[in-house]
Amino acid sequence: MIDIHSHILPGVDDGSKSMEMTAEMLSRYAEEGIDRVICTPHQGRELHRPELIMQKLGETSSLASEYGITLYPGAEIYYYDGMVSDLKSGRLLTLNGTRHVLVEFSTRAELEYIPDVCYELSLEGYVPVVAHIERYFYLDKQAYAEIKNNGALIQVNASSFAKKEYLKTLSHLLKRDMVDFIASDCHSNGRRNVDFSSARKYVSKKFRRSYDKFFGDNNIFA
Ligand SMILES: [Fe+2]
């Protein structure tokens, strides 16, 4: 199984702080039965450093293989004007070199253009994967539908299933089969570690559906 959203690479963003912390997070992945992880450090307007991300990926890969885990390159990109041209020039990373782009938005209500951005990315031949969509409280049901219709995929965080404020949105999306990925968005070996327990419990109880499908089509990325 694959996790498509992870801040496991050490010393590159606000995720893992050291190789030791990364090792503990890898151990959690192994316990969860996950054998492939797309590493998605933050990128944004003033934050590119693709070479550093690739370097850290190289440095961490052999440790990951000791846990039976293969790491792949990627990024979580905070949306900004000009993102498409930076994608084209290679300054921004897609998910394992595919056309899939993990994109994050502001949680502030004035930014309600997510469906339009998804449309723009689709026209350019990319497949936007909207990161932790449940956090954007300003979106309504119509916006979720537009986002899907405009060619985007939807990712939700496994940890959000443990938080009451997100359950209404998660339930709405799951009922309509609109969730494409449940991912860890792990940042550390502590509070924000790899933890799918609440998500597994919620999905199996409420939907009696195979949880594994939310880890995505294994052939898309790796
Ligand atoms: Fe993230």
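The values are calculated or read from the model by the stated rules, or taken from the named source; none is laboratory data. Keep in mind that what you see is a predicted model, and the values were worked out from it rather than measured. A quick note on method: Cβ atoms are made from the backbone with ideal geometry, for glycine too, and the neighbour counts reach across all protein chains shown. Note: accessible area is taken over every heavy atom of the protein model, side chains too, but ligands, DNA and RNA are not part of it. Shrake-Rupley method; radii C 1.70, N 1.55, O 1.52, S 1.80 Å.
Counting only lysines at least 8 places from LYS164 when in the same chain, those with an alpha carbon closer than 19 Å to its own are LYS141, LYS175, LYS201, LYS205, LYS206. The order of HIS172, HIS132 by accessible area, most exposed first and with a 1.4 Å probe, is HIS172, HIS132.
Take the Cα of ALA145, step 7 Å toward its Cβ, do the same at LYS17, and the gap between the two points is 4.7 nm.
When ASP140, ASP81, ASP3 are compared by accessible surface with a 1.4 Å probe, the order from highest to lowest is ASP81, ASP140, ASP3. Once all protein chains are placed together, LYS148 keeps about 50 Å² accessible to a 1.4 angstrom probe.
A 1.4 Å probe run over the chain, with the rest of the protein chains in place, finds 45 Å² accessible per residue.
In this simple spin-label approximation, LEU123 and THR107 carry label points 7 Å from Cα along the Cα→Cβ vector, and these lie 3.1 nm apart. Expressed in Å, the radius of gyration and Dmax of the Cα atoms of the chain are 16.4, 46.
Nonpolar atom fraction for region 2-221, defined as the carbon and sulfur part of the 1.4 Å probe accessible area, stands at 48 percent.
Just the number, please: percent antiparallel of the DSSP beta bridges in region 2-221, rounded to the nearest 5. Just about 5 percent of them are antiparallel.
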